[in-house]
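The values are calculated or read from the model by the stated rules, or taken from the named source; none is laboratory data. What you see is a predicted model, and the numbers here were worked out from it, not measured in a lab. Counting neighbours? That spans all protein chains shown, and the Cβs are built from the backbone with ideal geometry, glycine included. Note: areas computed on protein heavy atoms with side chains; ligands, DNA, RNA excluded. Shrake-Rupley method; radii C 1.70, N 1.55, O 1.52, S 1.80 Å.
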There are 2 protein chains.
Amino acid sequence: MSSPVGDQKVVRLYPPSYDIRVETTDIPKIEHPDDAIVKIKLAGLCGSDLHTYRGTEAVTQPFICGHEFVGHVVALGASFHAGASGRPLLYSTLQIGDKVVSPFTVSCGECHFCRIGFTSRCEGSRLFGTATTAGGQAQYVRVPRAGGTLYRLSDIGSDTCGAGEINKETIANLADSSLLLLCDILPTGVFAAFQALNHPKLLPITSALSYPYSSGPANIASQEFYLTPQDTTLTIAVIGLGPVGLCATVSLIDMLESRGLIYRIVAVDPTDSRRNKMAVIYSKLSDKQDQFAVASIEEAKDIVKTWTDGVGCNAVLEVVGNNSALALSYELVRPFGCISSVGVHGEPHVPFRGRELYDKNVSMEFGRCPVRAMFPMALGILLRRQDVFGAVGGEISLVEKIVSIDDAKEYYDLFHTGKCGKILFDPWM
Amino acid sequence: MSSPVGDQKVVRLYPPSYDIRVETTDIPKIEHPDDAIVKIKLAGLCGSDLHTYRGTEAVTQPFICGHEFVGHVVALGASFHAGASGRPLLYSTLQIGDKVVSPFTVSCGECHFCRIGFTSRCEGSRLFGTATTAGGQAQYVRVPRAGGTLYRLSDIGSDTCGAGEINKETIANLADSSLLLLCDILPTGVFAAFQALNHPKLLPITSALSYPYSSGPANIASQEFYLTPQDTTLTIAVIGLGPVGLCATVSLIDMLESRGLIYRIVAVDPTDSRRNKMAVIYSKLSDKQDQFAVASIEEAKDIVKTWTDGVGCNAVLEVVGNNSALALSYELVRPFGCISSVGVHGEPHVPFRGRELYDKNVSMEFGRCPVRAMFPMALGILLRRQDVFGAVGGEISLVEKIVSIDDAKEYYDLFHTGKCGKILFDPWM
């Protein structure tokens, strides 16, 4: 089981910044028995690629970019088919030719964090598209710990968490451009929504059981408290309507509607075009226009005040990653509310005083989505919301265009300057 | 239903600080139909009384101190027995002569926050022992919104959350000094432990289901992940071993053992005498000495490192309320761990960089315990752990001494200088 040999095209970033080159280099080889080589069909250009492109994250040596990719297995290391018991199932079952999607980080599937589902903090975690791990904006990519990292599309359906009964033919028919959303942005949006809706401080609202009965272990309703329909209306803000924010909002609506919960959502972004896109997407998802609003930052404060008599939001999904967004999250959240932050934050201290957090009984969730673990739930939402997640181009699509990898330099610049939306590279076009 | 008339003894604090006077003043009267007048049996001196005593919280006018009290109802406002339907039950049932315990804040029982169990953020919340609301270090106290605020001891037993079948005679036999722990410090400790153990990021460990299956809505075990006994061992730190920290630790042990969970606890405090007391208490509760350690701050870092191969704690209970404790919490917690903070924090910004919180996927819970809602669970623990919570004086008791209210000035000073532990005032001694 050896790799294909020869040359391939790749996208490389050269330090310190803005220097994107499409180059020819060797096709990667199996270096470790757990490796797989994947032939790329499509690779995404993601907002977080811009951190290194702009030099806001220091780069000291050239590397192959990209952490979102879909493709087929073309070579496997010796661990595969060795029948090693106790190892992740893919080491026994993955075949050359299988179609796979990869999360944006390597996860071994075998350490404590992977076993319990916190795959983004795998003890051997590595981010694709960095100096240590070549990325997917290429014709071929080497996937370390591939039996833990990859998803084989033909396996899906055995796992029903949130996805219901999945028809394998339906999955086989999903466009590659749609599957690519599973590498990062859709699971990250799902995670933002899921950890807010399942937070114990929201359970009294969603379960109609008062705290602490809402959290168990014995879910016994108190005879002393009584809940009204008004008590069980959720008010939620989403801050940031880039691609991940759109995914978070659609995921949130999917979860709320599938559970029959009463909700009001305000989707916040300072940019007109992003708000407009969100509004059009919502109009395709639901006809309950009075429970959904897009808003600028100042409008959002007023809307939440009016909707909740000044009480605030039960939860805020923070999908931006800076201190302005965190400060707004605090301002919008109600006492005993939850801030679910998936934004990638930088060096500054967070803008909260201890007294403020105490006085409002704030709950906060920070950090990177465990994509590998969230995959089945994200796939369910991808399938149910193909009207949004299935399209390329057009007013509601998250993906604006599929372009040749040869044009990478041009599209990095257009994306960086806000002149285009999410771009996918076809390395064979 | 009029109040008793005449004079009473009270403890007053005069601004700016340290000026405690035992004075004679009028017995309080019913001022609002929802009021009750309670004749005090015992009133507590609590660590948070020292904030105003020391002037670290500004005081502009004299007030009657104290937010922990147990007593009997001696007068009721017109709302009681008026048969008002839809109001909290006590408005129909509370009788003169009933024995009651009060949480340290007023909660109406009728606003949204009270209805869903977040009683510490009642829309009309008031803290006893402040300029707006006379406290319980007195012979009599006026309790506003008494039908929502008070607990009647004879009612207990109808509510089984965590307390199991409660024998009313057992409750009737509880010493007042033990019941007084229910006003603040025991529920606050219970809350610290409960919100950590029931946090979604700990559920994979306690349920042996990997994330996100551990959080539902469909609790279906993934076929891909497999958990080992090592994965389901909880490592938890408690930072701060004052009275609330001791309550938090005992509550945590009670919950862990009653649920049959495998655990290791490190209980952290810089003060020798506090650590020693905690160690003696643990030796009374359990013979599993290898899974419990008391530690100074530096020792705690080493212990957690050794116990967890450098991974860190699943949860940290922060029961101090300053930035050193928060920084240590961050240092000790593992990726996807939970910091449950019940410490009362001040004006400084919290000592966390955004990047740190993102990189460790930290979850944080802040704020004031909803004592009124936590009461049944706290009562269950109080009853099961009478060996710790039933005693006055002695090496494991949380209450050091019951003294006459006449000696309040002396004992405020002794408590402030660390020369005595928790003191209760008997206003009739």
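Considering the protein assembly as shown, what Rg and Dmax in Å follow from its alpha-carbon atoms?
29.3, 100
Tell me the label-point distance for the pair A:Lys284, A:Ala327, using the 7 Å Cα-to-Cβ offset, in nm and rounded to one decimal.
My value for the distance between the label points is 3.6 nm.
As an exercise, use a Förster radius of 35 Å and the Cβ-Cβ distance of B:Asp359 and B:Thr170 to find the FRET efficiency, rounded to the nearest 0.05.
Numbers: r = 49 Å, r/R0 = 1.41.
The value I calculate is 0.10.
Could you state the number of Å between the C-alpha centres of the stretch B:5-37 and the stretch A:356-429?
Result: 62 Å between the Cα centres.
With axes computed from alpha carbons, what is the tilt in degrees of helix A:323-332 against the longest principal axis of chain A, rounded to the nearest 10 within 0 to 90?
That helix lies at roughly 30 degrees to the long axis.
Taking DSSP loops as anything outside H, G, I, E and B, show the longest stretch in chain A free of GluC sites (Glu not before Pro) there with at most 13 other beta carbons within 10 Å. Let's see the in-between values first.
Values: sites that count: A:Glu31, A:Glu165, A:Glu395.
Answer from the scan: A:166-394.
Please report the carbon-and-sulfur percent of the accessible area for the protein assembly as shown; probe 1.4 Å, protein heavy atoms only, DNA, RNA and ligands left out.
50 percent
Among A:Ala208, A:Ala373, A:Ala36, which one shows the biggest mean-square fluctuation in a GNM of chain A, springs joining Cα atoms closer than 10 Å?
Among A:Ala208, A:Ala373, A:Ala36, the largest GNM mean-square fluctuation belongs to A:Ala208.
Calculate, for the stretch B:346-429, the solvent-accessible area per residue in square angstrom, rolling a 1.4 angstrom probe over the heavy atoms of the protein chains. Kindly include the intermediate steps, with their values, before the conclusion.
Values: 2910 Å² over 84 residues.
Spelled out: the 1.4 Å probe surface of the stretch B:346-429, per residue, equals 35 Å².
Can you work out D for the stretch B:324-392 in µm² s⁻¹ from Stokes-Einstein, where Rh is the Kirkwood radius over C-alpha pairs, the temperature is 20 °C and the viscosity is 1.002 mPa s? Display every interim value, and only then the final one.
On the way: Rh = 14.6 Å.
The calculation lands on 147 µm²/s.
Along Cα-to-Cβ, 7 Å out, sits the label point; list in nm, shortest first, how far the one on B:Thr232 is from those in the other copies.
Ordered by increasing distance: 3.2 nm.
Expressed as a fraction of 2.2 N^0.38 Å, the rule-of-thumb size for a compact globular protein of N residues, what is the C-alpha radius of gyration of chain A?
On the way: Rg = 22.0 Å, N = 429, 2.2 N^0.38 = 22.0 Å.
Here the answer is 1.00, to two decimals.
R0 = 60 Å: FRET efficiency of A:Leu89 with B:Lys401, Cβ-based, nearest 0.05? Show your work: numbers first, answer last.
Numbers: r = 64 Å, r/R0 = 1.06.
Given R0 = 60 Å and the Cβ-Cβ separation, E is 0.40.
Please compute, for peptide A:332-344, the average count of beta-carbon atoms on other protein chains lying within 10 Å of each residue's beta-carbon. Working shown, then result.
Numbers: counts 0, 0, 4, 9, 10, 1, 2, 1, 1, 4, 1, 2, 4.
Counting other chains' Cβ atoms within 10 Å and averaging over A:332-344 gives 3.
Please list, in chain and number order, the residues 5+ apart from A:Phe292 or on another chain whose amide H is under 5 Å from its amide H, with Hs placed from the backbone.
A:Ile265
Using unit Cβ charges (K, R positive; D, E negative) and no other charged atoms, how large, in debye to the nearest 20, is the dipole of the protein assembly as shown about its Cα centre?
On the way: 76 positive and 90 negative charges, 69 e Å.
In debye, rounded to 20, the protein assembly as shown gives about 340.
Let me check I've understood the local charge: for A:Asp269, count other residues with C-beta under 12 angstrom from its C-beta, Lys and Arg +1, Asp and Glu -1. What total comes out? Before the final figure, lay out the partial values.
Working: positive: A:Arg274, A:Arg275, A:Lys277; negative: A:Asp272, A:Glu299.
Net charge around A:Asp269: +1.
For a 24 Å ceiling on Cα separation, which of these pairs sit above it: B:Lys41/B:Lys168; A:Lys201/B:Lys168; A:Lys9/A:Lys422; B:Lys99/B:Lys284; B:Lys201/B:Lys360? Numbers along the way, then the final one.
On the way: B:Lys41/B:Lys168 20 Å; A:Lys201/B:Lys168 31 Å; A:Lys9/A:Lys422 21 Å; B:Lys99/B:Lys284 31 Å; B:Lys201/B:Lys360 12 Å.
Check vs 24 Å cut-off fails for A:Lys201/B:Lys168; B:Lys99/B:Lys284.
Give the value in nm², to one decimal: projected area of the alpha carbon convex hull of the stretch B:25-149, averaged over all directions. It would help to have the intermediate numbers written out before the result.
Values: hull surface 30.9 nm².
For the stretch B:25-149, averaging the hull's shadow over all directions gives 7.7 nm².
Distances in nm, one decimal, shortest first, from B:Asp287 to the same residue in every other copy, taking the label point 7 angstrom along Cα→Cβ.
Inter-copy label distances (nm, one decimal, shortest first): 7.1.
Let me confirm one metric for peptide A:186-194, namely the mean number of other chain beta-carbon atoms within 10 Å of its residues' beta-carbons. Spell out each step's value before the answer.
Values: counts 0, 0, 0, 0, 1, 2, 0, 0, 5.
Per residue, the average neighbour count from other chains is 1.
For the pair A and B, how large is the buried accessible area, both sides, in square angstrom to the nearest 100, if the probe is 1.4 Å? Walk me through the intermediate numbers first.
Details: alone 18510 and 18550 Å², together 29670 Å².
Using a 1.4 Å probe on protein heavy atoms, the buried area is about 7400 Å².
Give the nm distances, rounded to one decimal, from A:Thr271 to the matching residue in every other copy, measuring between label points 7 Å along Cα toward the beta carbon; shortest first.
Nearest first, the other copies' label points are 5.4 nm away.
Among the residues of chain B, which one places its Cβ closest to the rotation axis that maps chain B onto chain A, and what is that distance in whole Å?
Residue plus distance in Å, as requested: B:Met364, 2.
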